[in-house]
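Please read the structure below before turning to the comments.
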Amino acid sequence: EDQVTQSPEALRLQEGESSSLNCSYTVSGLRGLFWYRQDPGKGPEFLFTLYSAGEEKEKERLKATLTKKESFLHITAPKPEDSATYLCAVQATNAGNNRKLIWGLGTSLAVNP
Amino acid sequence: DGGITQSPKYLFRKEGQNVTLSCEQNLNHDAMYWYRQDPGQGLRLIYYSQIVNDFQKGDIAEGYSVSREKKESFPLTVTSAQKNPTAFYLCASRDPYSPLHFGNGTRLTVT
C-alpha cells in the first residue's frame, strides 16, 4: 500500500538551531514528492517539488533532498517565523488522471526566540 | 494577484442542514480539487474536476456534492448525509505543469 510517514510529529527548536524533518515514502514508483508549509488556519503553501533521487532544492533557510526512500527538509538557522506545520505529499507513477497525492500527517515545528 | 478564494472562513450549521462552501480561482487553472483536513489525518480528497461540466469522486465523496459550471468556480455542498461534517475544508487548483495551489480554507462546524 502506498504510504507517506513524516517524523517527528512535533519539533521544538531554539532560534538558530538547525535540524531536519523526515518524510519516508512507500510507493510503487515515484512521479514527484512535494513539500508544503501550513500556518494555523491557513491553506498549505507550496515549497518544493523533487522528482528523482539525488535532487536538491533550496529556498532561503530551507533545503529539500530526496533519496529512493525518503526526503529531508533541512532548516538552517531557523527563525521564529519558520514556525509552521510542514507537509509532505507523494505522487505515484500510477496516480491516474487525477494525479492523486498521498499526504503525510505533517511535522509541527516551533522555533523559540 | 491571482489566487483561490474560499468563503466564508468560518461556517456554523445545525445538524440536518445542507451547506455550500464557495471556491473561486482566477489562476485560469483547469483542474480543481476539494480536500478535507482533520486533526491526526492527512489531507483526504473529496472531489476533483479536470474540466468544466465534469467532476469525479475522490476517496471520501459520500455525503458531499459538487458542480463545475464555470472554470473559475467549484462549490462544495455538504449534505445532511455526511456523518461527520465538522472539519477544515480546502479547495485547490492546478494546471498540468504546476503543483497544487490551495485556498485558505473554510472551517465548518456542525452542531
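The values are calculated or read from the model by the stated rules, or taken from the named source; none is laboratory data. Nothing here was measured: the structure is a model prediction, and the numbers come from that model. Here the Cβ positions follow ideal geometry from the backbone for every residue, glycine too, while neighbour counts run over all protein chains shown. Side chains included, ligands, DNA and RNA excluded: accessible areas come from the protein's heavy atoms. Shrake-Rupley method; radii C 1.70, N 1.55, O 1.52, S 1.80 Å.
Here are some notes:
- The single residue among B:Y47, B:Y89, B:Y35 that is farther than 18 Å from B:R107 by Cβ, outside any loop (DSSP other than H, G, I, E, B) and of a type in the set (F, W, Y) turns out to be B:Y47.
- Count of residues meeting criterion [more than 7 Å from chain A (Cβ to nearest Cβ) and not in a strand (DSSP E or B)] in the range B:101-111: 1
- Of all residues making up the range B:27-67, the number that are buried (at least 20 other Cβ atoms within 10 Å of the Cβ) and away from chain A (no Cβ under 13 Å): 2
- Any hit, the range B:96-104, residues being surrounded by 20 or more Cβ atoms within 10 Å (Cβ to Cβ), of a type in the set (S, T, N, Q), in contact (Cβ under 8 Å) with a residue 40 or more places away in the chain and closer than 22 Å to A:R37 by Cβ: no
- Test: residue in the range B:86-95 that is open to solvent by 70 Å² or more (accessible area, probe 1.4 Å) and away from every other protein chain (no Cβ under 11 Å): no
- Residues that are farther than 12 Å from A:T85 by Cβ and among the acidic types (D, E) were ranked within the range A:1-51; the one that is most open to solvent (accessible area, probe 1.4 Å) is A:E1.
- Beta carbons closer than 8 Å, at least 6 apart along the sequence or on distinct chains, pair a first residue in the range B:3-16 that is open to solvent by less than 50 Å² (accessible area, probe 1.4 Å) with a second that is of a type in the set (A, V, I, L, M) and not in a strand (DSSP E or B) for B:G3/B:L27; B:I4/B:L27.
- Test: residue in the range A:6-22 that is touching an Asp or Glu at 6+ places or on another chain (Cβ under 8 Å) and modelled with pLDDT of 95 or more: yes
- Just one of (1) within 30 Å of B:Y89 (Cβ to Cβ); (2) part of a loop (DSSP other than H, G, I, E, B); (3) in contact with a strand residue (DSSP E or B) (Cβ under 9 Å, 6 or more places away or on another chain); (4) not polar (S, T, N, Q) fails for A:C23. It is (2).
- Of everything in the range A:46-100 that is modelled with pLDDT under 95 and at positive phi, the residue that is farthest from the other protein chains (Cβ to nearest Cβ) is A:G96.
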